[in-house]
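Peer 1: Once you've had a glance at the structure underneath, I'll fire off some questions.
The values are calculated or read from the model by the stated rules, or taken from the named source; none is laboratory data. Note that the structure is a prediction, hence the values are computed from the model and not measured. Here Cβ is always computed from backbone atoms with ideal geometry, including for glycine, and neighbour counts include all displayed protein chains.
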Amino acid sequence: MGLRLHSRISPAIHSLRRHADDAPPVERETIRRISLRLIPFLCLAYFQMYIDRVNVSFAALQMNEDLGFSSLVYSWGAGIFFLGYFLFEIPSNVAFLRFGARRWIARIMVTWGLLSAAMALVVGPTSFFALRFALGVAEAGFFPALLLYLTFWYPSAYRARILGGLIVTVPVATIIGAPLSALILQLDGLGGLKGWQWLFIIEGLPTTVLGLVAFFHLTDRPDDARWLEPEHKEWLRRRLTEDEEELQPPHMTLLQSLRSPLVLVLSVAYFGLVAVLYGLQFWLPQIIHHFGPGETMTGIITALPYLAAAVAMVLWSRHSDSSRERVWHIALPLVLAAVGLIASAATGNLVLTMIAISLAAIGVFSALAVFWTLPAMFLTGAAAAGGLALINSIGNLSGFCGPYLVGWMTEQTGNPVNGLLLLASGPVVSALIVIGLGRTFARRRMAGEGA
């Protein structure tokens, strides 16, 4: 698994090298060392996080019947994760600044890995809800911590591409994890355990091991990096300082970032984006299974939209960096996602439905790869810790709403595909918000230049 994941990560590292081909030697060497040291491990950690977060979608193929869960019970269990995540996201990211990257990321990974494996102990709705909620609490802060951590190491000109390289592990996690999960389900009965119980155990425990590795492998700040030479640290310090001086608006405090209208509006935009992401993640296996394929074939077919999305988001984020344009690189894919969702609900054929869902996946992941460059335009330091966490936590509340809406529509119509139609308005609203924010940033930039 690690070798296959590394083959997906390598293009991101190579694209960074190409981006720096015309740069001074010290810049090329600094970016090369940082990328080789951090990106493979962070991608592997993020890959494992996503496997543990959404493997319940495959477990449901057996677990729902074994434990008598209805579509709505499953929806509540899938979504309640995000309530725990929401409540503890900001405190977790503030703790990240207090304790440092290696300690806090290690803590998160060890606890969520153990709780993910403990999902094998679910015996009914109450234990299902409790463990999913606890898993959300344990994982809270991981993704915004990675976002903030990368701003310590990469100047703004590299961030869309490096974020694309990190976030591409989300579709890759499904490309690899979907067939793997379907295969693990075939262990049903081994050692007296159900296949879905083996799924949680086998995919949860490696995260705990990675958490222990994180404590020794990660470096909190560039100044602490023994693997960077003094001239590399000096170049990076100078470039990051230049980025901060260009921030529009100027520095905020932590409390100011939590009250910032820009942060709140971005949170709403992210809400619409993430609703699509998790509506697909938690229901796609059951949508495919609804058309008749068995568990193994369902795993293979589930991977196809994410394979297309993985390729598209790497190319799209690279184009965003080379053009230095962000707004339309977010808005246009969001519109594509909405079109794909509407088309998927209009077909009654597995092949056409999967083509439409692939378009939706390409759109939502391409937008996601560039989205997180927007907060970096006006947030830094403690303000970034709070602002990024708030955007992520509010946005991820849609991880509850999206799957729930699909589950509700499934109960009403008997067909989970129809639930995707309810999600189509989210990315349209998000696209309009991002376009409006782009105009706001442009006006502020012009006002600053005029002054």
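Peer 1: GLY79 - would you say it is in contact with a Gly (Cβ under 6 Å, 6 or more places away or on another chain) and part of a helix (DSSP H, G or I)? If you could, list the steps in order and put the result at the bottom.
Peer 2: Numbers: in contact with a Gly (Cβ under 6 Å, 6 or more places away or on another chain): no; part of a helix (DSSP H, G or I): yes.
No: the conditions fail for GLY79.
Peer 1: Determine, yes or no, whether ILE330 is closer than 30 Å to LEU97 by Cβ and part of a helix (DSSP H, G or I).
Peer 2: yes
Peer 1: Mind listing just one residue for me: the one in segment 79-119 that is modelled with pLDDT of 85 or more and polar (S, T, N, Q) and, of those, surrounded by the most Cβ atoms within 10 Å (Cβ to Cβ)?
Peer 2: This residue is SER116.
Peer 1: For segment 409-435, enumerate the residues that are under 20 Å from ASN349 (Cβ atoms), of a type in the set (S, T, N, Q) and surrounded by fewer than 18 Cβ atoms within 10 Å (Cβ to Cβ).
Peer 2: THR413, ASN415, ASN418 - these are the residues of segment 409-435 that are under 20 Å from ASN349 (Cβ atoms), of a type in the set (S, T, N, Q) and surrounded by fewer than 18 Cβ atoms within 10 Å (Cβ to Cβ).
Peer 1: At pLDDT 90 or above, in contact with a helix residue (DSSP H, G or I) (Cβ under 9 Å, 6 or more places away or on another chain) and within 14 Å of ILE34 (Cβ to Cβ), is that true of ASP220? Let's see the steps before the verdict.
Peer 2: On the way: at pLDDT 90 or above: yes; in contact with a helix residue (DSSP H, G or I) (Cβ under 9 Å, 6 or more places away or on another chain): yes; within 14 Å of ILE34 (Cβ to Cβ): yes.
Yes: the conditions hold for ASP220.
Peer 1: Same structure, new question: Which ones in segment 202-232 are farther than 20 Å from LEU42 by Cβ and buried (at least 16 other Cβ atoms within 10 Å of the Cβ)?
Peer 2: ILE202, the sole residue that qualifies.
Peer 1: Which numbered condition trips up TRP153, out of (1) modelled with pLDDT of 85 or more; (2) surrounded by fewer than 22 Cβ atoms within 10 Å (Cβ to Cβ)?
Peer 2: Unmet condition: (2).
Peer 1: Mind telling me which of the residues LEU61, LEU87 ends up being assigned to a helix (DSSP H, G or I) and within 20 Å of the chain's Cα centre (by Cα)?
Peer 2: On the way: LEU61 fails: within 20 Å of the chain's Cα centre (by Cα).
The conditions single out LEU87.
Peer 1: Is it fair to say ALA140 is under 24 Å from GLU242 (Cβ atoms) and buried (at least 24 other Cβ atoms within 10 Å of the Cβ)? Spell out how you get there, then give the answer.
Peer 2: Numbers: under 24 Å from GLU242 (Cβ atoms): no; buried (at least 24 other Cβ atoms within 10 Å of the Cβ): yes.
No, not satisfied.
Peer 1: Would you confirm, using the coordinates I've provided, whether ARG161 is in contact with a Gly (Cβ under 6 Å, 6 or more places away or on another chain), buried (at least 19 other Cβ atoms within 10 Å of the Cβ) and in contact (Cβ under 8 Å) with a residue 40 or more places away in the chain?
Peer 2: Numbers: in contact with a Gly (Cβ under 6 Å, 6 or more places away or on another chain): no; buried (at least 19 other Cβ atoms within 10 Å of the Cβ): yes; in contact (Cβ under 8 Å) with a residue 40 or more places away in the chain: yes.
Judged against the criteria, ARG161 is not a match.
Peer 1: Look at segment 294-332 and say how many of its residues are farther than 23 Å from LEU368 by Cα and either buried (at least 16 other Cβ atoms within 10 Å of the Cβ) or hydroxyl-bearing (Ser, Thr, Tyr) (or both).
Peer 2: Just the residues of segment 294-332 that are farther than 23 Å from LEU368 by Cα, to begin with: 294-300.
Now restrict to residues that are either buried (at least 16 other Cβ atoms within 10 Å of the Cβ) or hydroxyl-bearing (Ser, Thr, Tyr) (or both): 295-296, 298-299.
Summing the residues that are farther than 23 Å from LEU368 by Cα and either buried (at least 16 other Cβ atoms within 10 Å of the Cβ) or hydroxyl-bearing (Ser, Thr, Tyr) (or both) in segment 294-332 gives 4.
Peer 1: Could you run through segment 206-232 and say how many residues are in a helix (DSSP H, G or I), among the charged types (D, E, K, R) and within 27 Å of MET109 (Cβ to Cβ)?
Peer 2: Here is the first cut: in segment 206-232, the ones in a helix (DSSP H, G or I) are 206-217, 222-224, 230-232.
Among the residues that remain, those that are also among the charged types (D, E, K, R) are: 223-224, 231.
Next cut, within 27 Å of MET109 (Cβ to Cβ) only: 223-224.
Number satisfying all stated conditions: 2.
Peer 1: Also: So for segment 278-289 (the condition being surrounded by fewer than 24 Cβ atoms within 10 Å (Cβ to Cβ), more than 16 Å from TYR50 (Cβ to Cβ) and not hydrophobic (A, V, I, L, M, F, W, C)), does at least one residue qualify? Break it down into steps so the answer makes sense when it comes.
Peer 2: Narrowing segment 278-289 to residues surrounded by fewer than 24 Cβ atoms within 10 Å (Cβ to Cβ): 286, 289.
Restricting the remaining residues to those that are more than 16 Å from TYR50 (Cβ to Cβ) gives 286, 289.
Remaining after also requiring not hydrophobic (A, V, I, L, M, F, W, C): 286, 289.
The answer is yes; a qualifying residue exists.
Yes or no, residue by residue, for (1) under 15 Å from TRP328 (Cβ atoms); (2) of a type outside the set (Phe, Trp, Tyr):
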residue	(1), (2)
GLY399	no, yes
TRP408	no, no
GLN412	no, yes
ASN415	no, yes
SER425	no, yes
SER430	yes, yes
GLY436	yes, yes
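Peer 1: Within segment 261-282, work out how many residues are touching a Pro at 6+ places or on another chain (Cβ under 9 Å) and farther than 17 Å from SER425 by Cβ. Explain how you work it out, then say what you get.
Peer 2: The initial filter retains those residues of segment 261-282 that are touching a Pro at 6+ places or on another chain (Cβ under 9 Å), namely 262-263, 266, 272-273, 275-276, 278-282.
Within this subset, residues satisfying the condition of being farther than 17 Å from SER425 by Cβ are 262-263, 266, 281-282.
Count: 5.
Peer 1: Oh, and also: Right, THR298: among the β-branched types (Val, Ile, Thr), in contact (Cβ under 8 Å) with a residue 40 or more places away in the chain and either in contact with a Lys or Arg (Cβ under 9 Å, 6 or more places away or on another chain) or on the phi > 0 side of the Ramachandran plot (or both) or not? Give the derivation first.
Peer 2: Details: among the β-branched types (Val, Ile, Thr): yes; in contact (Cβ under 8 Å) with a residue 40 or more places away in the chain: yes; either in contact with a Lys or Arg (Cβ under 9 Å, 6 or more places away or on another chain) or on the phi > 0 side of the Ramachandran plot (or both): no.
No, not satisfied.
Peer 1: Can you give me the number of residues within segment 121-168 that are under 26 Å from HIS232 (Cβ atoms), in a helix (DSSP H, G or I) and among the hydroxyl-bearing types (Ser, Thr, Tyr)?
Peer 2: 4
Peer 1: Also: Identify the residue in segment 387-421 that is part of a helix (DSSP H, G or I) and free of Cβ contacts under 8 Å to residues at least 40 places away in the same chain and, among all such residues, is farthest from SER92 (Cα to Cα). Working first, answer last.
Peer 2: Kept after step one, since they are part of a helix (DSSP H, G or I), are these residues of segment 387-421: 387-396, 398-413, 417-421.
Those left that are additionally free of Cβ contacts under 8 Å to residues at least 40 places away in the same chain: 409, 412-413.
Details: MET409: 34, GLN412: 38, THR413: 40 Å.
Among those residues, the one meeting the criterion is THR413.
Peer 1: Residues that are modelled with pLDDT under 80, outside any helix (DSSP H, G or I) and buried (at least 23 other Cβ atoms within 10 Å of the Cβ): does segment 379-386 have at least one? It would help to see each step written out before you state the result.
Peer 2: Step one: filter segment 379-386 for residues modelled with pLDDT under 80, giving 379-386.
Then keep just the ones that are outside any helix (DSSP H, G or I); that gives 379-380.
Narrowing the set further to residues that are buried (at least 23 other Cβ atoms within 10 Å of the Cβ) leaves 379.
Yes, the conditions are met somewhere in segment 379-386.
Peer 1: Mind counting the residues in segment 252-280 that are over 20 Å from ILE391 (Cα atoms) and at pLDDT below 80?
Peer 2: 0
Peer 1: Among LEU280, LEU266, LEU258, which is the only one that is more than 27 Å from ALA95 (Cα to Cα), assigned to a helix (DSSP H, G or I), aliphatic (A, V, I, L, M) and under 25 Å from the mean Cα position of the chain (by Cα)? Quick ask: steps written out before the conclusion?
Peer 2: Details: LEU266 fails: more than 27 Å from ALA95 (Cα to Cα); LEU258 fails: more than 27 Å from ALA95 (Cα to Cα).
On inspection, the qualifying residue turns out to be LEU280.
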